[in-house]
1. With the crude spin-label approximation of a point 7 Å out along Cα→Cβ, what separation in nm comes out for GLU179 versus TYR364?
2. Given a 1.4 Å probe and every protein chain left where it sits, what share in percent of the accessible area of the chain is carbon and sulfur?
3. Go through segment 1-39 and name the GluC sites (Glu not before Pro) that are in a DSSP coil and have 16 or fewer other Cβ atoms within 10 Å of their Cβ.
4. If I stretch the segment between ARG157 and GLN107 completely, what's the gain in nm (0.36 nm per residue apart, minus their alpha carbon distance), one decimal?
5. So if R0 is 45 Å, what FRET efficiency would LYS257 and THR353 give, r being the distance between their Cβ atoms, rounded to the nearest 0.05?
6. Would you give the gap between the C-alpha center of segment 100-173 and the C-alpha center of segment 222-267, rounded to a whole Å?
7. What is the spin-label model distance, in nm, from LEU327 to ARG26 if the labels are put 7 Å beyond Cα along the C-beta direction?
8. Using the Karplus curve 6.51 cos²θ - 1.76 cosθ + 1.60 with θ = phi - 60°, work out ³J(HN,Hα) for each residue of segment 152-161 in order, rounded to whole Hz, and write x for Gly and Pro.
Amino acid sequence: MSSFHRDTWVEVDLDGIYENVQALQRYVTEDVSIIAVVKANAYGHGDAQVAKVALEAGAKYLAVSFLDEAIALREQGIKAPILVLGASRVSDIGLAAKENITLTVFQKEWLEEAESVYKENQPIRLHLKLDTGMGRIGARTKKEAVEIVSYIKSCDRFSLEGVYTHFATADELQSTYIETQFERFSGLLKEIKQLHPISMIHCGNSATALRFPGRVFNAVRVGIAMYGLTPSPEMTPILPFPLSEAFSLCTKLVHVKKLDLGESVSYGATYTTKKEEWIGTVPVGYADGWTRKLQGMNVLVDGKLAPIVGRVCMDQFMIKLPYELPLGTVVTLIGKQGDLQISSNDIAEKLETINYEIPCMISYRVPRMFLRNKSIMEVRNYLQDKPILE
Ligand code: PMH
């Protein structure tokens with residue numbers, strides 16, 4: 001731990017991610033390809049490290065949001081196919097083709113402009129996105145979809161590999177809306193397949209894969225479940241197999257003191273001791289993503305719960321210790337100590353948000369430490385943008 005200059009780190013359990021991908025693969029069967037969704041730095045877990053372990057575990061494809069994220073993976077030696085799920089600029093098509101990156105198409109105008117701008121011979125691999133009810137990006141009507149597919153067919157620099165859609169309510173147990181989306185997708189697919197053979201068809205995220213394994217066509221785009229988190233609290237009781245949560249956040253006490261009764265702590269002096277209390281200072285703050293709304297949340301120290309007292313500062317916050325503890329004692333903000341666990345789900349509940357947001361919000365300032373085969377494989381400090389221990 002001495003090779004970065006800060007005693008705060010994220011621990012990413014790559015063994016857990018490997019097991020989650022394998023369990024998902026067994027569940028959807030070998031006929032369905034796993035597309036590992038590693039956008040947003042793999043939901044904060046570390047893009048290349050997660051991508052490599054997901055591929056080792058059987059994933060066939062990777063997905064990101066933006067071309068820059070795909071290029072970053074190529075620069076880190078990832079050769080597997082990568083799909084950009086979001087919109088890409090026509091001016092960047094040449095770069096995508098050169099790096100062998102698959103783009104998402106959903107507008108005929110984009111294709112027309114692409115054809116006039118892109119003059120290389122290397123074909124551009126495309127997946128057509130259909131908007132069946134998410135209302136985000138995608139062709140919505142049969143007319144739009146048919147026009148796009150016909151255009152692609154007429155131009156040999158475009159190659160249509162896949163068709164996909166995204167569900168808005170897959171993680172809700174009420175199924176009316178998702179059934180409508182399934183129906184619209186099937187209807188549009190039928191028209192498209194009459195025009196063009198499609199080798200990859202995908203509609204499912206983690207929740208869809210877990211709830212409707214037999215209805216996901218031949219690929220699924222899996223994010224949150226790969227990281228070991230349940231897509232929504234209401235799905236927890238119906239999970240078909242256990243998932244292993246991969247993300248922990250730890251630090252160490254940098255200051256410990258006994259305060260007299262009636263002393264206050266942090267900005268605004270919002271917390272005042274009710275008796276003599278041991279107060280510990282933790283070197284993590286809102287600039288690390290540990291937002292001010294986490295005042296009052298517990299952390300784990302010496303195997304016990306300890307509440308955050310007073311306001312969270314930019315780089316530090318204070319906790320009420322159960323008793324005097326030595327400097328350097330490990331404090332777990334997310335993760336396990338002994339029998340106790342603070343899950344990203346608990347942080348999400350406190351912040352009234354979804355668990356997806358929690359690992360994403362822990363900023364680049366916190367080094368990521370990767371565990372594989374139960375030991376440290378690499379430590380990466382995104383401030384320096386290079387591994388500092390391999
Ligand atoms: N496919 C698309 C198009 C997505 O946007 C996402 C996640 C996934 C697959 C993976 O979903 P999962 O993590 O539930 O398995 N996208 C987002 C999003 O845009 N906001 O939160 C999750």
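The values are calculated or read from the model by the stated rules, or taken from the named source; none is laboratory data. The structure displayed is predicted, hence computed values, not measured ones. Methodologically, a virtual Cβ is constructed for each residue, glycine included, from the backbone with ideal geometry; neighbour enumeration extends over all protein chains shown. The area values use the complete protein model at the heavy-atom level, side chains included, leaving out ligands, DNA and RNA. Shrake-Rupley method; radii C 1.70, N 1.55, O 1.52, S 1.80 Å.
1. 4.7
2. Numbers: 8680 of 17240 Å².
Taking all protein chains in place, the chain shows 50 percent carbon and sulfur surface.
3. Values: sites: GLU11, GLU19, GLU30; in loops: GLU30.
When the GluC sites (Glu not before Pro) of segment 1-39 are filtered for loop state and at most 16 Cβ neighbours within 10 Å, GLU30 remain.
4. Working it through step by step, the gained length comes to 16.4 nm.
5. Values: r = 33 Å, r/R0 = 0.74.
Efficiency, rounded to the nearest 0.05: 0.85.
6. 39
7. So the two model labels end up 4.9 nm from each other.
8. So the J values, rounded to whole Hz, are 4, 4, 7, 10, 7, 8, 10, 10, 8, 9.
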